[in-house]
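Here is the structure we will look at, set down as structure tokens.
The values are calculated or read from the model by the stated rules, or taken from the named source; none is laboratory data. Since we're looking at a predicted model, the values are computed, not measured. Here Cβ is always computed from backbone atoms with ideal geometry, including for glycine, and neighbour counts include all displayed protein chains.
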Amino acid sequence: MRALFALIVTIVMSGTAFAQPKAKAVETTCDAIEVSASNAKDPSIDPDIKHIQKKLTDFPASWNVFKKLSRASVTLEKGKPAKLDLKMGSGEATLVEIVDKSKLRVAIKIDYNGKRVVDTTVTVEAGDYVVVGHPISGSKKDGHLLAVTCK
Amino acid sequence: MGKPSDDIELMQHADGELDERAAASVRTRVEKDTDARTKLEALGQMSELMRSHLELASDHVPDRKFENIWRTIAREVGTPAEVPPVRKPGMWGRVSSWFDRYRGHVITGAVSAGAVAAIALVLKPAAHEDTIVQGSPTIEVQPAALRAAPVVESLDTPGGTGTVLNLEDEDGHTTVIWVSPADTVEGI
């Protein structure tokens, strides 16, 4: 009886000793900027997205008006899809893995009008941008863009 | 050396079992007989010893046993038992009495656990590569000039076609993925 009791106490206390602090999950924080692009007589860009102006104007299209629809900071945990709250359609991003400490393998999915528009996996350096775009139904001249950068 | 009958008389006297006349006779004998006096004193000491021992032993009998004794007596006599109320120990009392009972077990367990923990600390394997030590930077951001070009590993554009462009400026790379719906006549 005494030996059994001592054994139970040993197991319980050893379990506590063995319990290692939970390792921090592999994750990255992404900045997701949703933009509507169109063409007008007077060019304009939302001040909130001025810092990515080059990436949008370099886009091979004739747009000159860019409006921020939404902007969100999303934490991606490895292997766990995270919803992107978009004003137009819906999106999802997943951190597949971190490569060579500085590159991110990210999967991005965008749905618009209930249909999948794009499903892509990109390996990109931390700090670089991935911009995914598609024409908006109707005129099909205006664009819906999603710029994502992670670090 | 006295007769056995004298010794029995002495014992009865020591126990207070003799009547007044016989007791007076024994007292007279004891006054005259040194040997008898010594025996009587020895008998007195023995009785005292026995009484003390029994008192001590009765202190160790738990209250519950007394309860049972009272119940048995009451049952035999045929009257309802009037058991003296027993005070139950409080939570702290129960905890401390439990520790008093199992102190040895707890100490043995704690010492064993300490030894196991020490061995575990010595033999503990290094953290898995996939896990990151808390507080350390998760991802290294390279200077723009040192960054590698992005790689589009897979691209699925149901109901359309995808165009991939890679733009590079002083801020780094930008991967552009433009999806043109299949029914679009005028693309970019």
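Listed values, structure above:
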item: Filter result (more than 8 Å from every other protein chain (Cβ to nearest Cβ), surrounded by fewer than 19 Cβ atoms within 10 Å (Cβ to Cβ) and not in a loop (DSSP other than H, G, I, E, B)) within region A:95-105; result: A:V96, A:E97, A:V99
item: Residue within region B:26-41 that is part of a helix (DSSP H, G or I), loosely packed, with under 14 Cβ neighbours inside 10 Å and under 55 Å from the mean Cα position of the chain (by Cα) present; result: yes
item: Region A:33-79, residues that are among the basic types (K, R) and over 21 Å from A:G127 (Cα atoms); result: A:K41, A:K67
item: Complete set of residues in region A:27-65 that are within 14 Å of chain B (Cβ to nearest Cβ), more than 18 Å from the chain's Cα centre (by Cα) and in a strand (DSSP E or B); result: A:A37, A:S38
item: Filter result (closer than 15 Å to A:D31 by Cβ, among the β-branched types (V, I, T) and surrounded by fewer than 23 Cβ atoms within 10 Å (Cβ to Cβ)) within region A:107-147; result: A:I108
item: Residue in region A:106-119 that is at the interface with chain B (Cβ under 8 Å from one of its Cβ atoms), under 24 Å from A:H51 (Cα atoms) and without any contact (Cβ under 8 Å) to a residue 60 or more places away in the chain present; result: no
item: Qualifying residue in region B:45-57 (condition: modelled with pLDDT of 85 or more and touching an Asp or Glu at 6+ places or on another chain (Cβ under 7 Å)); result: no
